[in-house]
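Each remark here refers to the structure printed beneath this line.
The values are calculated or read from the model by the stated rules, or taken from the named source; none is laboratory data. Predicted, not measured: the structure shown is a model, and the values here were computed from it. All Cβ positions, even for glycine, are placed from backbone atoms using ideal geometry, and neighbour counts span all protein chains on display. With ligands, DNA and RNA removed, areas are computed over all heavy atoms of the protein, side chains included. Shrake-Rupley method; radii C 1.70, N 1.55, O 1.52, S 1.80 Å.
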Amino acid sequence: MMINKNLFPLLALTGLIAGTALASPGAHGPNGEHLDSPAALKIDGLARLPDGSVQVPVAAQRRMGILTRFVPLTDAPAALQLPGRVVIDPNASGRVQTVQGGRIEPGPKGLPVAGQTVRKGEVLAYVRFHAEPFARANQQAQLSELASNRKLAAQRVERLRTLEGSVPRKEIEAAEAELASLTDRERDVGGSLQAREALLAPVDGVIASASALAGQVVEPRDVLFEVIAPSHVLVEASTADPSLVSRITGARLQDQAGVKLSLTGASRVMRDGVLPLTFRAQAERGGALPLAVGQPLAVIVTLNTQLKGYVVPAQAVVRNPANQAIVWIKSGAERYIPQPVDYRPLDSNSVVVIQGLGDSNRVVMQGASLIAQIR
């Protein structure tokens, strides 16, 4: 078979044009290395390519709301993420306990339930005392004796009053004083048999926990109700570095943009190998805080040192199947490349990438989690 030699330049030019068409625009890493390679095959629609990159057609990018931009290298304050939890503020909460054991009786408005708003001094419930049978029998016997003595004293006072003028006035006054004393003692002993303790709300707030039922028999010092003020709670974080407290300049909660934290102090005693840090939580717009006592939280503390890196939204950093932190870099009109990065939290909505990015990278700011789901 004879091949025309004039066709060789044409074939070579055709191959060059085809190779150029398959290559996508280059993406470079932080050290100038190429992150992409020519696509080996043509795939239509959403797909994950053999090299780990993802193909997303332009129409799909619009539907997914993918946004990208170049990120400049900047100086950002260093930050750390600490584990924390919501705790009760001792100055804005209280526990309702009974001093003496007894049986629970509902208050004027019935027994309160968790979440109910109460006012300071409001009667939540009553505890009616129950004495032992022997002690109760002694009280009843003493009450009967006092009642009998009171009747005799009343008769004596009436008799002396009829003889007023013939008996000294001091005898009449002494008899009247004895009658008054016996009357008071009878009233006190009789009242002790039916005495009950009023359980009062210690502060204004809401019922955090309620463990009282009508007719329930409780022991002394049992916690029956807990009352907290929803707008006054504390956040307790922990760290193993005792010098960290001197370097903290601010604090925020992750995923809680409307809550502001202010450091109140740090304990000087290790607890289970960590040092507790206490922050006061405040709602930036006032009102109740969207927090619950005991809720676990991630506390981001800002330090007085600076880091060089690339500030991106926290949603731009996702995890790959190997559980590595990555960002997606746009390479070409429809191709996205996963790039492993090292980052530090900056605030509740942003992070600073300190390794893995370069100035020429166009980073996915919105929709990174959707790209990561493409298989």
Identify, please: which residue in region 230-263 is under 18 Å from Asn304 (Cα atoms) and among the hydroxyl-bearing types (Ser, Thr, Tyr) and is, among those, surrounded by the most Cβ atoms within 10 Å (Cβ to Cβ)? Thr239
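Hey, which of the strands (runs of 3 or more DSSP E) in region 264-375, taking only ones fully inside, have at least 3 residues that are within 30 Å of the chain's Cα centre (by Cα) and β-branched (Val, Ile, Thr)? Let's see the steps before the verdict.
Details: elements: 275-283, 296-313, 325-330, 335-340, 342-345, 350-355, 362-366.
Here the list reads 296-313, 350-355.
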Give me the pairs: first residue in region 198-212 and more than 16 Å from Ala229 (Cβ to Cβ), second residue open to solvent by 50 Å² or more (accessible area, probe 1.4 Å) and not in a strand (DSSP E or B), beta-carbon distance under 7 Å, and six or more apart or on different chains, which are they? Ala210/Val113; Ala210/Ala114
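Would a scan of region 178-191 turn up a residue that is of a type outside the set (D, E, K, R), more than 30 Å from Asn138 (Cα to Cα) and open to solvent by 40 Å² or more (accessible area, probe 1.4 Å)?
The first filter runs over region 178-191 and keeps only residues of a type outside the set (D, E, K, R), leaving 179-183, 189-191.
Keeping just the survivors that are more than 30 Å from Asn138 (Cα to Cα) gives none.
For region 178-191, residues of a type outside the set (D, E, K, R), more than 30 Å from Asn138 (Cα to Cα) and open to solvent by 40 Å² or more (accessible area, probe 1.4 Å): absent.
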Determine if region 283-298 includes at least one residue that is under 29 Å from Asp75 (Cβ atoms), open to solvent by less than 50 Å² (accessible area, probe 1.4 Å) and touching a helix residue (DSSP H, G or I) at 6+ places or on another chain (Cβ under 8 Å). no
Residue check for Arg85: open to solvent by 80 Å² or more (accessible area, probe 1.4 Å), closer than 30 Å to Gln254 by Cβ and either not acidic (Asp, Glu) or not in a loop (DSSP other than H, G, I, E, B) (or both): yes
Kindly indicate which of Ala333, Ala372 is within 20 Å of Asp44 (Cα to Cα), loosely packed, with under 15 Cβ neighbours inside 10 Å and among the small types (Gly, Ala, Ser). Ala333
If I go through region 257-280 residue by residue, how many of them are under 16 Å from Thr302 (Cα atoms), among the hydrophobic types (A, V, I, L, M, F, W, C) and modelled with pLDDT of 85 or more? 6
Given the condition within 21 Å of Phe129 (Cβ to Cβ), in contact with a Lys or Arg (Cβ under 9 Å, 6 or more places away or on another chain) and in contact (Cβ under 8 Å) with a residue 12 or more places away in the chain, answer yes or no: does some residue in region 165-181 qualify? no
Scanning region 82-111 for residues that are of a type in the set (D, E, K, R) and over 32 Å from the mean Cα position of the chain (by Cα), which turns out farthest from Asp347 (Cα to Cα)? Arg103
I'm trying to understand the selection: among the residues of region 297-329, which are in contact (Cβ under 8 Å) with a residue 24 or more places away in the chain, in contact with a Pro (Cβ under 9 Å, 6 or more places away or on another chain) and of a type outside the set (Val, Ile, Thr)? Leu297, Ala298, Leu303, Asn304, Gln306, Leu307, Tyr310, Ala314, Asn320, Trp328
Can you pull out the residues in region 210-261 that are within 30 Å of Arg196 (Cα to Cα) and assigned to a strand (DSSP E or B)? Ala210, Val217, Val218, Val223, Leu224, Phe225, Glu226, Val227, Ile228
